[in-house]
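What follows is a single structure, and I will ask about it in a moment.
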Amino acid sequence: MSKFGLGRGLADLKAEMGVVPELSVLAGGERVVVRNLKIDKVRPNPSQPRRVFNANELNDLANSIREKGVLQPILVRAESGGSHEIIAGERRWRAAGIAGLTEIPALVKSITNENAMEIALIENVQRENLNAIEEGAAYRNLMEKCGYEMPDVSRLIGKSESYIRNIMRLENLPESVKKMVEKGELSASHARTLSVAKDPEALARKIIGEKISVSDTEKLVKSMPRSSKSRSFRQDLMSKEEISKYEKQIAKAVGANVTLRMRKGGAGEIAIKFGNKIQMQELIEKLKEA
C-alpha cells in the first residue's frame, strides 16, 4: 500500500490506464487534488531549507524513476498563471527531470507561507537530508519569518533547545568554513566548536590538514581568544526564562498581558493585549505618561 492510499501506486495506475486520473483525497479534513503536472510548470520553493543536492544520489533516484516511475507524489501549492510551487519533494522533481519525464504526480493543496516552511523543514529534518548549515539557517528562517521562538521550533521538530541553539551558532562562521561543512570536509561537531573561535577559518584548515579530533579541537579553542560574535549570538537568543522575566516586568509596568518576541541582532517586538476599547485607551494614556 502506498503512502497516499492509492493501491499499487500512481506508476502502476498509469501503466494500466495510460494516464494518471485526477483524484480527490481527504487529507487532515481537507479535500486535496492529486494530478499530473508539467515539470516545467513546477518550481522550487525559495524557502526550501535544502540547498545542496548530491548529484550521484539524484542520478540513482532518476534511474529508479525510469524503471518504476514516481511512486510518491510531490506536494505543491498553486500559483498564478497555472504554475505550482513545491512544498515537499524537490529531490523527486529534480530526479524526474533527469529521468526525462515531462510530467510528475502531485498533491495540490492550499498552504500558507508559514505552513509551507514548516512542512519543508520537517520533511528534510526527519529524513536527515539537511547538512548542519542548512539546518541552522532553516531554524533561523522560521524564527524570523514566522515569529517562532526557540521552544516553538523545539516542539515542531522534536529536538532540544540546546541542540537547536548549537546548530544555529554555525551561522556565525565565515562563508569559507560553511562551505567546508557543506562539502563534508569539516564535521558539524568541529564547526560548532569553531563557532566561538576568533579565527575559525585558520583553525578549520588546521583541523582538516592535521586531522585533529573534536575533543582536541575543543581544548585548542578554549586556549584561544573568543569571538565577539559568539557573545552577541547568546544575547540575541534569550532563553525562555529570560523572555518570561522581561514579559512580567513590562506587563507590570503597563498593567496588561504582554508577549515579547526576539529576532536576529537583538531586535524584536512587544505585543500588548487588551480586552476592550476602554482598556486600550487606558494603556495609551499610561504609555503617554511613561
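Return the carbon/sulfur percentage of the accessible area of region 56-102, one whole number, probe 1.4 Å, all protein chains in place.
With neighbouring chains kept in place, the figure for region 56-102 is 45 percent.
Please sort by residue number the trypsin sites (Lys or Arg not before Pro) in region 51-97 whose DSSP state is loop and whose Cβ has at most 13 other Cβ atoms within 10 Å.
The qualifying sites are ARG51.
Okay, next question. Mind checking the full-extension length gain between SER160 and VAL214? Use 0.36 nm per residue of separation minus the Cα-Cα distance, one decimal, nm. Intermediate results must be reported in sequence, preceding the final value.
Numbers: separation 54, 0.36 × 54 = 19.44 nm, distance 2.14 nm.
Going from the current span to full extension adds 17.3 nm.
Compute the relative contact order of region 77-156 as a whole-number percentage, counting only Cα pairs closer than 8 Å that sit 6 or more residues apart in sequence.
26 percent
A follow-up question, please. Of the GluC sites (Glu not before Pro) in region 78-157, which ones lie in a loop per DSSP and count no more than 14 other C-beta atoms within 10 Å?
Within region 78-157, the qualifying GluC sites (Glu not before Pro) (loop, at most 14 other Cβ atoms within 10 Å) are GLU79, GLU128.
What list of ³J(HN,Hα) values in whole Hz, one per residue of region 145-155 in order, does the Karplus curve 6.51 cos²θ - 1.76 cosθ + 1.60 (θ = phi - 60°) give from phi, with Gly and Pro shown as x?
Coupling constants for region 145-155: 8, 10, x, 6, 10, 3, x, 5, 5, 4, 5 Hz.
Could you run the Karplus curve 6.51 cos²θ - 1.76 cosθ + 1.60 with θ = phi - 60° over region 159-175 and give me ³J(HN,Hα) per residue in whole Hz, x for Gly and Pro?
10, 5, 5, 5, 4, 4, 4, 5, 5, 5, 4, 5, 5, 6, 6, x, 4
Place a label point 7 angstrom from the Cα of GLU144 along the Cα-to-Cβ direction, then list the residues of region 40-72 whose backbone nitrogen is under 17 Å away.
Backbone N within reach: 46-51.
Continuing with this model, one more query. Non-local amide H neighbours of ILE87 (under 5 Å, H modeled in plane, Pro and chain starts lacking H): which ones?
LEU75, VAL76, ARG77
A further question follows. For LYS286, what accessible surface area do you get with a 1.4 Å probe? Give it in Å², rounded to 10.
100 Å²
The values are calculated or read from the model by the stated rules, or taken from the named source; none is laboratory data. Treat the numbers as computed from the prediction; the structure is a model and nothing was measured. Quick reminder, even Gly has a Cβ in these numbers, built from the backbone with ideal geometry, and neighbours come from all protein chains shown. Just the protein is used for accessible areas: all its heavy atoms, side chains included, with ligands, DNA and RNA removed. Shrake-Rupley method; radii C 1.70, N 1.55, O 1.52, S 1.80 Å.
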